[in-house]
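Scroll down for the structure; my scribbles are underneath it.
The values are calculated or read from the model by the stated rules, or taken from the named source; none is laboratory data. From a predicted model like this one, the values you see are computed outputs, not experimental measurements. Every residue, glycine among them, receives a Cβ derived from its backbone with ideal geometry; neighbour counts consider all protein chains shown. Quick note on the areas: whole protein, heavy atoms, side chains included, nothing else; ligands and nucleic acids left out. Shrake-Rupley method; radii C 1.70, N 1.55, O 1.52, S 1.80 Å.
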Amino acid sequence: MPTYIVLLGPPGVGKGTQAGILSKKLNLPHISSGDLFRENIKNNTELGLIAQNYMNKGELVPDDVTIKMIRVRFIQPDCAQGAILDGFPRTPHQAENLSGLLKEFGGQVDLVPFFNAPAEILVDRLAGRWTCKAHGHIFHNIYNPPKVTGICDYDQSPLYQRDDDKPETVKKRIVVYNEQTAPLIEYYRQRGVLVEVDGTESIDKVAEHISLILVKK
Ligand code: AMP
């Protein structure tokens, strides 16, 4: 049976970092909808052009565009054993579509770690976040610094600060999260797959907590 894990929580709470750790540990692909959009923007695709307008404003890309992109990613053979989903779904409509898509693969959403942290922490984390140009590896100048300033530890590509990590855009992204994504907490709780994780803890502590949850599953 494939294993599908959805990481849920506000922007900056550490989903991307934990998705990377889980992906290595479980040997499953890390699918980040934000990374897929950024790749399209980098390659100047039509999808990238559409997405950029929304991303720059801190708004969600429309569901139909997002779902189509995820579908294309899911039909790649590496998703057959499962996947770690980071940033998708972000609306109840996306969640319903995901459930239909996974049924086609004989799977379902097995586990939804929900990370939470107060808004001040999120703004602080995103202000110090540095992302690698080549593969989206994530660092933080205080909590997770790279070995060499400005260079990715894993692929030596340059690190950059995302435009949408600016405090004004971050505040908008948190509002959008509260309005459009937070209903998924109840959605997955009702389906018995939600587990709460304290997103204010250190990277290692959070990873340890998720490992314990996986052992109990
Ligand atoms: P992230 O890298 O997950 O923080 O996403 C960055 C931006 O990409 C978001 O602020 C949205 O504009 C867009 N985005 C990423 N995932 C989704 C999604 N599932 N639905 C709609 N928009 C998304």
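Observations on the model:
- Scanning segment 176-217 for residues that are crowded, with 16+ Cβ neighbours inside 10 Å, among the hydroxyl-bearing types (Ser, Thr, Tyr) and over 15 Å from residue 14 (Cα atoms) yields a total of 3.
- Within segment 126-175, being of a type in the set (Ser, Thr, Tyr), within 20 Å of residue 86 (Cβ to Cβ) and either open to solvent by 50 Å² or more (accessible area, probe 1.4 Å) or part of a helix (DSSP H, G or I) (or both) holds for 143, 154, 160, 169.
- Total residues in segment 71-120 satisfying the condition of being surrounded by 19 or more Cβ atoms within 10 Å (Cβ to Cβ), within 11 Å of the ligand (Cβ to nearest atom) and not in a loop (DSSP other than H, G, I, E, B): the figure is 6.
- Residue within segment 73-83 that is out of contact with any Asp or Glu (no Cβ under 9 Å at 6 or more places or on another chain) and under 28 Å from residue 198 (Cβ atoms) present: yes
- Looking only at residues of segment 1-44 that are more than 19 Å from residue 176 (Cβ to Cβ) and of a type in the set (Gly, Ala, Ser), we find that the one that is nearest to the ligand (Cβ to nearest atom) is 19.
- Residue count for segment 1-35 satisfying the condition of being at positive phi and under 9 Å from the mean Cα position of the chain (by Cα): 2.
- Residues that are over 19 Å from residue 94 (Cβ atoms) and not in a strand (DSSP E or B) occur at least once in segment 4-15.
- Some residue of segment 185-195 being at positive phi and away from the ligand (no atom under 12 Å from the Cβ): yes
- Residue 47 falls short on exactly one of the conditions (1) open to solvent by less than 30 Å² (accessible area, probe 1.4 Å); (2) away from the ligand (no atom under 11 Å from the Cβ); (3) of a type outside the set (Val, Ile, Thr); (4) part of a helix (DSSP H, G or I), and that condition is (1).
- Residue satisfying condition, being within 14 Å of the ligand (Cβ to nearest atom), at pLDDT 95 or above and more than 17 Å from residue 18 (Cβ to Cβ), within set 180, 156: 180
- The residue of segment 169-214 that is nearest to residue 135 (Cα to Cα), among those that are in contact (Cβ under 8 Å) with a residue 40 or more places away in the chain and of a type in the set (Asp, Glu), is 198.
- Selection within segment 26-44: residues that are touching a strand residue (DSSP E or B) at 6+ places or on another chain (Cβ under 7 Å) and part of a loop (DSSP other than H, G, I, E, B). The member of this set that is farthest from residue 163 (Cα to Cα) is 28.
- Residue under evaluation residue 108, criteria (1) touching a Leu at 6+ places or on another chain (Cβ under 7 Å); (2) under 24 Å from residue 138 (Cβ atoms); (3) not β-branched (Val, Ile, Thr), criterion not met: (2)
- Filtered residues of segment 30-44 (kept if open to solvent by 20 Å² or more (accessible area, probe 1.4 Å) and in contact (Cβ under 8 Å) with a residue 24 or more places away in the chain): 30, 35, 36, 38, 40
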